Structure formats: C-alpha cells, structure tokens
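Shown next, in structure tokens, is the structure this report addresses.
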Amino acid sequence: MADPAVVADLAAARQAVLGHIGDAAARAGRNAGSVTLVAVSKTVPVERLTSAVAAGLTILGENRVQEAEAKIGVVTGATWHLVGPLQSNKAKRALAAFALIESVDSVELAERLNRLAADADAGADRAAVLLQVNVDGDPAKAGFAPDALVDALPRLAALERLDVRGLMTVGRLVERPADARPTFVALRELSERLRGPEGAGRALGTELSMGMSDDYPIAVEEGATIVRVGRAIFGDRDHH
Ligand SMILES: *Cc1c(COP(=O)(O)O)cnc(C)c1O
C-alpha cells in the first residue's frame with residue numbers, strides 16, 4: 001500500500017527534479033517534454049517504490065537483474081530500465097524484465113540479446129537497448145570506447161531483433177557539476193557522428209541517456225533525452 005505521507009514527499013521531489021529539467025531545457029531552447037526521467041531505485045525497498053509509482057515516478061531504473069525481478073513482481077504500474085552491467089548469463093531474464101536495457105557494452109552481449117530476442121515470440125517487439133559508451137576512457141567504467149563503437153556499429157546495425165535506440169554514458173566523478181559537461185558534449189557529438197553520413201544512419205536511434213543526481217541539468221542543456229536520477233529523488237543510499 002502506498003503511504004500518503006511518503007507519496008507526498010516523493011511527489012514533491014519529482015516536481016523539483018522536473019522543475020530543474022524544465023529550466024535546463026528552456027536554457028537550451030529545448031522542449032522539456034523531450035526529456036524522460038528515470039528514477040533510479042536501486043536499494044530502495046518495494047514499499048517505498050509503491051509510493052513512488054503513486055507519486056508519478058513510473059519509470060524506474062535498477063542496476064541488478066535479481067533485485068529488479070524481486071521488485072517487479074510486487075510493484076505494479078511501473079516500467080523498468082536496466083542501468084547497470086549485464087552478465088551474459090542473465091541476458092534472457094533481463095529481456096523479460098526490462099523495457100529498455102541501457103547498458104549494452106559489447107558486441108557479444110548485443111549478439112546474445114539479438115539471438116534470445118529471435119528465439120522469443122516471432123511477433124514480439126524487437127528488444128530495446130542503448131549502447132553504453134565509456135566516453136572518458138575511465139578504466140573503472142564499462143562501455144564501448146568511442147572509436148571501437150564506430151568500428152562495431154555495422155555489426156550492431158545488422159542485428160535485426162535489436163532496436164538500438166541510442167547511447168548511454170556514466171560520467172566520471174567530478175568535483176563540480178560543470179566539469180561533467182565535456183562528457184555530455186562528447187556523447188552527443190559521438191551520436192551525431194554515428195548517425196551521420198559515415199555512420200550507420202538510421203540503425204542508431206537518437207536517445208542520449210546521460211546525467212545523474214549531481215549533474216542532470218547540465219546533461220539536459222547538452223541534449224540528454226533520458227536522465228537517470230536516484231539520490232535527488234530517494235535521498236542518499238545506505239551502503240549495503
Ligand atoms: C546509481 C546510478 C544512477 C543514479 O545515480 P544518483 O547519483 O543516485 O542519481 C544513474 N545511473 C547509473 C548507471 C547508476 O548506477
């Protein structure tokens with residue numbers, strides 16, 4: 001059951017984030033409606049998520065398949081994005097659980113998802129994915145290196161059961177939010193390059209998933225179509 005006091009708090013947090021998205025979009029001459037808010041709900045318990053959905057937070061992001069499955073069975077009315085690394089042995093379960101897998105970080109994983117999607121119902125939709133890019137070349141981060149993605153795109157474009165909607169990145173930790181801007185610019189420019197004359201054209205969608213609690217307004221200024229916000233909605237996570 002949704003708790004009215006919790007719903008009110010989360011609705012206020014949602015409004016505040018949407019307000020910042022709206023302001024950032026206006027600064028960039030963009031329509032705020034072109035930005036999707038994903039509420040990143042990892043470590044947040046199901047009781048609170050039931051209230052979150054009642055507060056209008058209906059797109060939830062999780063970073064672990066198993067944790068998400070447990071929540072999906074209980075929290076109704078939400079759609080779910082996978083934002084964390086996907087091991088190939090969990091690919092089939094991820095396809096069943098998530099409306100969008102944002103974290104495809106290798107050709108092998110893409111090919112596996114494509115095969116699994118082909119095995120599924122012939123009439124089913126293609127599997128919706130984003131390609132995660134390690135824009136900053138951070139050794140601690142997953143994702144395609146930008147140049148490697150340029151090379152891999154023809155192979156990815158040939159995967160007929162995948163709907164590659166765009167790119168995703170996790171920015172590096174920076175002291176000031178403004179320092180995240182070059183990462184977001186680089187992802188946008190990479191997307192334009194990949195979709196341009198040298199790239200695979202329409203094989204790659206226009207989504208840009210970038211920006212988290214500390215820097216999502218800057219990401220929106222630089223063209224984010226999806227922002228993934230956890231702490232700014234749910235508060236700090238306990239370490240677990
Ligand atoms: C946890 C997480 C987020 C949300 O981070 P916050 O700082 O809580 O907003 C976004 N994207 C990914 C990939 C994450 O793992």
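The values are calculated or read from the model by the stated rules, or taken from the named source; none is laboratory data. Everything numeric here is computed off the predicted structure, so don't read it as measured data. Using ideal geometry, Cβ is built from the backbone for each residue, glycine included, and neighbour counts are taken over all protein chains shown.
A search for C-beta distances below 6 Å between a residue of segment 51-73 that is closer than 19 Å to L10 by Cβ and at pLDDT 95 or above and any residue that is more than 14 Å from the ligand (Cβ to nearest atom) and assigned to a strand (DSSP E or B), counting only pairs 6+ apart in sequence or on different chains, returns I59/T79. Exactly one residue out of P45, P4 is away from the ligand (no atom under 14 Å from the Cβ), under 27 Å from G84 (Cα atoms) and of a type outside the set (A, V, I, L, M): that is P45. Residues in segment 144-158 that are free of Cβ contacts under 8 Å to residues at least 40 places away in the same chain and closer than 25 Å to N63 by Cα: F144, A145, A148. The numbered conditions (1) more than 16 Å from the ligand (Cβ to nearest atom); (2) touching a residue at least 40 places away in the same chain (Cβ under 8 Å); (3) not in a loop (DSSP other than H, G, I, E, B) are all true for A128 except (2).
The helices (runs of 4 or more DSSP H) falling completely within segment 145-240 that include 3 or more residues that are away from the ligand (no atom under 16 Å from the Cβ) map to 146-157, 181-195.
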